[in-house]
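Chemist: To start, I am sharing the structure in question, which I have written as structure tokens.
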Amino acid sequence: KNRFSLLLAIFFTVSALADLKDDLYGENEAHKTYFDSFVMNCSQRTPQCVEREFASDKEESFNQIFINALDRDIQEWPNNELSKFRLALQTREDADSDFASGFFGNAAELYQDAFDQIAKLLDDADIIVAENITIGEEYLYDENRPDWAVDYFNEALIYDPTNPKITKALSRIRFLQSFEDDVKDIENMINTRSFSEAELLIDELLQGDPG
């Protein structure tokens, strides 16, 4: 019962985080729609049109880094990054207001500020990832201690869930930690004459260490 309750709690937590990610994406999409609703005749490159184009480029840069952060599941990061991410979105909203009022210079500065806020979050996360990978690789590859390495790679995984170095290392850790148990299972299968099952598990082991 306790295990079922834990699994249920994990399921609802994961579902809530996925919904939050969708909500954040939708919120910025709404801001983009609002931004795109403002049109201006810029058939001639007047100073105001040049300033407007610059602000528009800054808005697009914000949209790109916003998506980059969501792709790294920033809503799941554990050190209050989400609240700072929301502040960047609020700064973007302030920029939209200035853009709508024709204050393109102010808007450009605010879009850049919002961009910089998210860039700092990503840069800080990259430092955490790099530090944990360095320590984890030392334990895993140099000292052959997957039991020590696993926590460092799991910490890095939170901040960079698609990093191939991390996923490869965790695959190797799972292989090393399960190898001895798999060998015992094969021996038991052979002793009980379950040769087909033993052969399947042997084939899996023969595929080798993924790291």
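The values are calculated or read from the model by the stated rules, or taken from the named source; none is laboratory data. Worth saying up front: this structure is predicted, and the values here are computed from it rather than measured. Surface areas here come from the heavy atoms of the whole protein model, side chains and all, with no ligands, DNA or RNA. Shrake-Rupley method; radii C 1.70, N 1.55, O 1.52, S 1.80 Å.
Chemist: Under 4 °C and 1.567 mPa s, how fast does the stretch 23-179 diffuse according to Stokes-Einstein, given a Kirkwood radius computed over C-alpha pairs? Answer in µm²/s, whole number.
Modeler: Translational diffusion coefficient: 73 µm²/s.
Chemist: I need the Kirkwood Rh of the stretch 74-125: take the reciprocal of the average 1/r across all distinct C-alpha pairs and report it in angstrom. It would help to have the intermediate numbers written out before the result.
Modeler: Working: mean 1/r = 0.0881 Å⁻¹.
Result for the stretch 74-125 stands at 11.4 Å.
Chemist: May I ask you to give the percent of accessible area on the stretch 28-69 that is carbon plus sulfur, with a probe radius of 1.4 Å?
Modeler: With neighbouring chains kept in place, the figure for the stretch 28-69 is 50 percent.
Chemist: For the stretch 103-169, report the % of Cα-Cα distances exceeding 18 Å.
Modeler: 48
Chemist: Ok, one more. How long is the stretch 25-114 along each principal axis, judged by its Cα atoms, biggest number first, in Å?
Modeler: Dimensions of the stretch 25-114 along the principal axes of its Cα atoms: 49, 19, 17 Å.
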